[in-house]
1. Lys and Arg at +1, Asp and Glu at -1: add these up for the other residues within a Cβ distance under 14 Å of residue 3 and post the number.
2. Residue separation times 0.36 nm, minus the C-alpha to C-alpha distance between residue 105 and residue 88: what's the value?
3. Give me the three principal axis extents of the chain from the C-alpha atoms, as integers in angstrom, largest value leading.
4. Quick one: which residues, 5+ away or cross-chain, put their amide H under 5 Å from the amide H of residue 48? H built at 1.01 Å from N.
5. Of 47, 29, 70, how do they rank once you tally other Cβ atoms within 10 Å and put the fewest first?
6. Give, in nm to one decimal, the length gained when the segment between residue 34 and residue 1 is fully stretched (0.36 nm per residue of separation minus the Cα-Cα distance).
7. Quick one: 3J(HN,Hα) in Hz for the stretch 36-53, Karplus 6.51/-1.76/1.60 with θ = phi - 60°, rounded, Gly and Pro as x.
8. With a cut-off of 8 Å between alpha carbons and a minimum separation of six or more residues, what is the relative contact order of the stretch 2-120 in percent?
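We did not get these values from a lab; they are worked out from the coordinates using the rules stated. Quick caveat, the model's predicted, so the values are computed rather than measured. Please note: Cβ atoms are built from the backbone with ideal geometry, for glycine as well, and neighbour counts cover all protein chains shown.
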Amino acid sequence: MEFFRELDSGLDVAALQRRLTIEHLPRYCREIDRVLGVAGDHGEIYCLWGQFEVRRECIKGGVRFTLPGCPNAFAWTVTTGLPPTPGLTMIHCTINRREHEPDFVESIEMFVDALVDGLKS
């Protein structure tokens with residue numbers, strides 16, 4: 001499944017990559033309660049689904065985060081400045097299922113909305 005949001009964050013790629021670090025995830029997403037530890041671009045977080053290893057990767061136009069131990073292979077990217085909408089920031093989340101229980105899908109929607117709110121502030 002895929003989940004998308006667009007917003008005008010006012011951030012360029014360099015600012016996005018500088019700000020969206022594992023250490024700062026709780027600042028930009030209220031559904032991530034705390035960071036339990038960080039070692040470079042690897043860390044551990046506690047979020048609405050529990051405790052997970054998280055990895056961060058700078059990609060063209062932004063940042064990708066993955067939860068490699070998640071049973072749903074949850075991942076999200078935040079990119080900006082890319083065609084066809086160079087003025088917008090795009091949030092794209094995925095899981096490795098075509099369908100899922102409605103409560104879980106709703107929790108992903110909440111996570112994505114929390115990212116939008118965090119990037120706006």
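1. On the way: positive: 5, 97, 98; negative: 2, 6, 31, 99, 106, 109, 113.
Overall, the nearby charge balance is -4.
2. On the way: separation 17, 0.36 × 17 = 6.12 nm, distance 2.46 nm.
Gain in length upon complete extension: 3.7 nm.
3. Principal-axis extents of the chain (Cα, largest first): 34, 33, 23 Å.
4. Long-range HN contacts for residue 48: 33.
5. Values: 47 21, 29 24, 70 16.
Result, fewest neighbours first: 70, 47, 29.
6. Numbers: separation 33, 0.36 × 33 = 11.88 nm, distance 2.58 nm.
Contour length minus the Cα-Cα distance gives 9.3 nm.
7. 8, x, 9, 9, x, 9, 10, x, 9, 10, 10, 9, 4, 9, x, 9, 9, 5
8. Numbers: 227 pairs, mean separation 36.1, N = 119.
The value is 30 percent.
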